[in-house]
Amino acid sequence: MSHLVITGGAGFIGSNFVNWLCREHPEHDLVVVDLLTYAGNLANLESVLDQVRFEKADIADADTMRGILDGAVGVINFAAESHVDRSLESAAPFLHSNVTGVQVLLDLVRELGIPRFLQIGTDEVYGSTPADVRFSEGDHLNPSSPYAASKASADLLVNAAVRTWGVPALITRASNNYGPWQFPEKLIPLMITNIVEGRPLPVYGDGLQTREWLHVIDHCTAVWAVWTGGEIGTIYNVGTGNDVANIDLVQGLIDLLGASEDLITYVEDRPGHDRRYALDISRLTTELGWQPQISLEEGLNGTIEWYRQNRAWWESIKSGEYREYYERMYGDRDQPAE
Ligand code: NAD
Ligand code: DAU
């Protein structure tokens, strides 16, 4: 056995990564692990399921994971609860997957002598970023939401395992991703699919919060650059400098889809909402020579096209168990156009 284990590989970024790896580096023997929570979807892996081994498992289940990880050449961990708003409703699943799950993986990497572990992290661990600042990897952690705090905890556990036991681990911290197969609770797919359905577009607060947008394929190439060239014990920020205010992004999607801006509906702000994220990515660009390749315009056009062509994928999600969450979040304002 000399397999590479990808955990969380049926979610948005994990499945894009597995598809990308099967296309670009088919020589790797991949084992994809996912608990298939509400956000995990085997349909995302449909075209590569004959090329990989899939295991439905919980990363926090040490006995099951021991069997899967034994003999692996490495583990790349995308598995997590990922949605900030859901962490405000209940933090428990976030602590289970994002904290306990990561410690279980670290213990197994140490116990089984696995040569490399990459933890997929987020820019949210730095908290809201003052104007004119871009946070670097050494900046302090100041997470605002239970989601962000759970991801910061994971990063601290990884660093502790490196320092205490010499566990061969690295961390990436990426900015907001978008692209195919993103669950429609997140801003960009929510707005695209609501525009297509003629539903209101819920913009939190004044809509002037900014996010740094990274196409998921650019994230995949960055993860691979870190996996193949990154230094153990090091953190790498992954971003683009594409800082856009939410309202401008929503307006841009309306323009690209030829919809009416009357759909914009300002709603109550997210509690603890971070105003701005912005990363300094000079470590990744100078030390590993990585650069994003997909402009925001090209990426948004391609993403819109993907959601147009894969309507059955998101319609089945929007009419399934997600419906209850959607009603709870937006139901009182959501009247689809006649
Ligand atoms: P996602 O919610 O789409 O996918 C997460 C996947 O993990 C799902 O398939 C889910 O079933 C699986 N999972 C959850 N708990 C699990 C467990 N205990 N055991 C096994 N599988 C489990 O999330 P995503 O957007 O693809 O994010 C992937 C990773 O990237 C996460 O660690 C997230 O924190 C990080 N990240 C996301 C973004 C973004 O913009 N989406 C940006 C930076 C970092
Ligand atoms: O920054 C990286 C993070 O990006 C990842 O770690 C998270 O996993 C990922 O979910 C994402 O977090 P955000 O909270 O930034 O993403 P979200 O798509 O939920 O929201 C993006 C922005 O849009 C944010 O400022 C909140 C706003 N928003 C979101 C939704 C869902 C709205 O205005 N209306 C909405 O309905």
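The values are calculated or read from the model by the stated rules, or taken from the named source; none is laboratory data. Just so we're clear, the structure is a prediction, and the values are computed from it rather than from any experiment. Methodologically, a virtual Cβ is constructed for each residue, glycine included, from the backbone with ideal geometry; neighbour enumeration extends over all protein chains shown. These accessible areas exclude ligands, DNA and RNA; they are computed on the full protein's heavy atoms, side chains included. Shrake-Rupley method; radii C 1.70, N 1.55, O 1.52, S 1.80 Å.
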- request: Please work out which residue is farthest from ligand 1 (Cβ to nearest atom), limiting yourself to the range 1-15 and to residues that are open to solvent by less than 10 Å² (accessible area, probe 1.4 Å) and part of a helix (DSSP H, G or I).
  value: Ser15
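Glu55 - would you say it is open to solvent by 10 Å² or more (accessible area, probe 1.4 Å), more than 16 Å from the chain's Cα centre (by Cα) and in contact (Cβ under 8 Å) with a residue 12 or more places away in the chain?
Numbers: open to solvent by 10 Å² or more (accessible area, probe 1.4 Å): yes; more than 16 Å from the chain's Cα centre (by Cα): yes; in contact (Cβ under 8 Å) with a residue 12 or more places away in the chain: yes.
Spelling it out, Glu55 is indeed open to solvent by 10 Å² or more (accessible area, probe 1.4 Å), more than 16 Å from the chain's Cα centre (by Cα) and in contact (Cβ under 8 Å) with a residue 12 or more places away in the chain.
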message: Within the range 154-168, does at least one residue satisfy the condition of being assigned by TED's automatic domain parsing to the domain that holds Ala39, within 16 Å of the chain's Cα centre (by Cα) and part of a helix (DSSP H, G or I)?
response: yes
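Here are Ile235, Ile217, Ile171: which of them is of a type in the set (A, V, I, L, M), closer than 30 Å to Gly258 by Cα and under 19 Å from the mean Cα position of the chain (by Cα)? Let's see the steps before the verdict.
Details: Ile235 fails: closer than 30 Å to Gly258 by Cα; Ile171 fails: closer than 30 Å to Gly258 by Cα.
It is Ile217.
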- request: Search the range 8-22 for residues being more than 15 Å from ligand 2 (Cβ to nearest atom) and among the aliphatic types (A, V, I, L, M), and hand back the single one that is nearest to Glu185 (Cα to Cα).
  value: Ala10
- prompt: Which condition breaks for Tyr38 when tested against (1) within 16 Å of ligand 2 (Cβ to nearest atom); (2) outside any loop (DSSP other than H, G, I, E, B)?
  reply: (2)
Of all residues in the range 61-82 being open to solvent by less than 30 Å² (accessible area, probe 1.4 Å) and out of contact with any helix residue (DSSP H, G or I) (no Cβ under 7 Å at 6 or more places or on another chain), the one that is nearest to Ala174 (Cα to Cα): Gly74
- request: Just give me the residues in the range 163-209 being crowded, with 22+ Cβ neighbours inside 10 Å, more than 13 Å from ligand 1 (Cβ to nearest atom) and not hydrophobic (A, V, I, L, M, F, W, C), in sequence order.
  value: Asn194
- prompt: So which residues in the range 228-255 are in a helix (DSSP H, G or I), open to solvent by 40 Å² or more (accessible area, probe 1.4 Å) and in contact (Cβ under 8 Å) with a residue 24 or more places away in the chain, if there are any at all?
  reply: Gly229
query: Which numbered condition trips up Asp139, out of (1) more than 16 Å from ligand 2 (Cβ to nearest atom); (2) at negative phi; (3) open to solvent by 20 Å² or more (accessible area, probe 1.4 Å)?
result: (1)
- request: Could you list, in sequence order, all residues of the range 210-227 that are open to solvent by 10 Å² or more (accessible area, probe 1.4 Å), in a helix (DSSP H, G or I) and in contact with a Gly (Cβ under 7 Å, 6 or more places away or on another chain)?
  value: Ile217
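Would you say Ile294 is hydrophobic (A, V, I, L, M, F, W, C), open to solvent by 60 Å² or more (accessible area, probe 1.4 Å) and either free of Cβ contacts under 8 Å to residues at least 24 places away in the same chain or away from ligand 2 (no atom under 16 Å from the Cβ) (or both)?
Numbers: hydrophobic (A, V, I, L, M, F, W, C): yes; open to solvent by 60 Å² or more (accessible area, probe 1.4 Å): no; either free of Cβ contacts under 8 Å to residues at least 24 places away in the same chain or away from ligand 2 (no atom under 16 Å from the Cβ) (or both): yes.
No.
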- prompt: Taking Val267, is it modelled with pLDDT of 95 or more and open to solvent by 10 Å² or more (accessible area, probe 1.4 Å)?
  reply: yes
message: Just to be sure I understand the filter: pairs with C-beta atoms under 8 Å, separated by 6 or more residues or on different chains, first member in the range 74-87 and closer than 15 Å to Gly11 by Cβ, second member within 10 Å of ligand 1 (Cβ to nearest atom) and among the basic types (Lys, Arg). Which pairs pass?
response: Ala80/Lys151; His83/Lys186
- request: Could you look through the range 31-47, keep only residues that are within 20 Å of the chain's Cα centre (by Cα) and without any contact (Cβ under 8 Å) to a residue 40 or more places away in the chain, and pick out the one that is most open to solvent (accessible area, probe 1.4 Å)?
  value: Glu46
- prompt: In the range 101-142, which residues are part of a loop (DSSP other than H, G, I, E, B) and more than 22 Å from Arg283 (Cα to Cα)?
  reply: Gly113, Ile114, Pro115
task: For the range 280-336, name all the residues that are under 30 Å from Arg134 (Cα atoms), part of a helix (DSSP H, G or I) and among the small types (Gly, Ala, Ser).
output: Ser282, Gly299, Gly302
